[in-house]
1. Could you pull the accessible area for Glu23 with a 1.4 Å probe, rounded to 10 Å²?
2. Given a 1.4 angstrom probe, what's the average accessible area per residue across the chain, in square angstrom?
3. For Ala90 and Glu3, FRET efficiency with R0 = 25 Å and r from the beta-carbon atoms, rounded to 0.05?
4. Step through the residues of the range 86-91 one at a time and calculate ³J(HN,Hα) from phi using the Karplus curve (6.51 cos²θ - 1.76 cosθ + 1.60, θ = phi - 60°), rounding each to whole Hz and writing x for Gly and Pro.
5. If each of Asn77 and Gln53 carries a label point 7 Å out from its Cα toward its Cβ, how far apart are those two points in nm?
6. How much accessible surface area, in Å² rounded to 10, belongs to the heavy atoms of Ile54 with a 1.4 Å probe?
7. In a Gaussian network model over the chain where Cα atoms closer than 10 Å are linked, find which of Phe41, Phe11, Phe73 has the largest mean-square fluctuation.
8. How much of the accessible area of the chain, in percent, comes from carbon and sulfur atoms when a 1.4 Å probe is used?
Amino acid sequence: MIEKPIDYSDFEKVKMVTGTIIEAKINPKARKPAYVIKIDFGREIGIKTSSAQITNYSIEELINRQIVAVINFEKKNIAGVESEVLILGAVNKDNSIL
């Protein structure tokens, strides 16, 4: 199914920023396996929390990994976690790839 195209002006509204994962732990309340992740975006933005179903990576693989995230979506409660940012990646048939 092909979605309706968006205008470039819509894309310009999305603020994507790189950050470094500083903490990851299992979210025991999630229906599907997920992590609660703390990401450091530097002094200007600070540390933000996200919930992500990227458990194909171990916690050790995630710590100190740089990622790209959308930081200007509304906060969303996901399985008891106030997710402040959306971590971006690609999905192949088996896994999410950061």
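The values are calculated or read from the model by the stated rules, or taken from the named source; none is laboratory data. This structure is a prediction, so every number in the text was calculated from the model and none was measured. Glycine gets a Cβ as well: all are built from the backbone with ideal geometry, and neighbour counts include every protein chain shown. With ligands, DNA and RNA removed, areas are computed over all heavy atoms of the protein, side chains included. Shrake-Rupley method; radii C 1.70, N 1.55, O 1.52, S 1.80 Å.
1. Using a 1.4 Å probe on the heavy atoms, I get roughly 80 Å².
2. Values: 7170 Å² over 98 residues.
That works out to 73 Å² for each residue.
3. Numbers: r = 17 Å, r/R0 = 0.67.
Computed FRET efficiency for Glu3 and Ala90 comes out at 0.90.
4. Residue by residue, the range 86-91 yields 10, 6, 9, x, 10, 10 Hz.
5. Result: 2.0 nm between the two label points.
6. Roughly 10 Å² of Ile54 is accessible to a 1.4 Å probe.
7. Taking springs between Cα atoms under 10 Å, the residue moving most is Phe11.
8. Values: 3660 of 7170 Å².
On the chain, the fraction of accessible area on carbon and sulfur atoms equals 51 percent.
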